[in-house]
Amino acid sequence: MEIVFEFERVRNFSAVRFHANNMFSKDVRVFRRAVLRFSVSGRRYSDPTTVVFDYMRDTLIEFARNVIIAVPNHVARFVNAQLYFDARWLMISEVRFESGTFTFAFSALTLLVGRQEGHPACKKLSGGVLAWLSIWSEVQTCIWPS
């Protein structure tokens, strides 16, 4: 099963919590695997930021539970969650994201990438510096043409 979450702004994620049922006597189980992908634009999800989480099956306790997946420092506006069934039914009652707003900070050390002022994603910042965010959320910069 695939779910895409869209947020109003780019966020810095630290964890995703799924509240899932595990009533295995009724053929309901927590997902066996979750694959989380992150994207700033929603068009491309980069492999380096993919998080794969395998859940260890619980055959003793039938209570619903929170499944917490750590995703430290994943910057995105879109989160694609693929959940893999471990039984006939998968019951998710809540998805909670632990995140904060993401602000761009630039220092003199980020000015080493070279000129890309023609790129449509470049934006002018103070001091005549252009900043370009790649699809993998890495900050790169380029010098304003002289």
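Any read-out appearing in this document is the output of simple, stated calculations on the displayed coordinates, not a laboratory observation. Predicted, not measured: the structure shown is a model, and the values here were computed from it. No Cβ is skipped: glycine too gets one built from the backbone with ideal geometry, and neighbour counts run over all protein chains shown.
Amide H contacts under 5 Å for Val75: Phe13, restricted to partners 5 or more places along the chain or on a different chain, H placed in the peptide plane at 1.01 Å from N. For Arg37, Arg44, Arg77, Arg9, the sequence from fewest to most other C-beta atoms within 10 Å is Arg9, Arg44, Arg77, Arg37.
Of the chymotrypsin sites (Phe, Trp or Tyr not before Pro) found in the stretch 5-63, those in coil by DSSP whose Cβ has at most 10 other Cβ atoms within 10 Å are Phe63.
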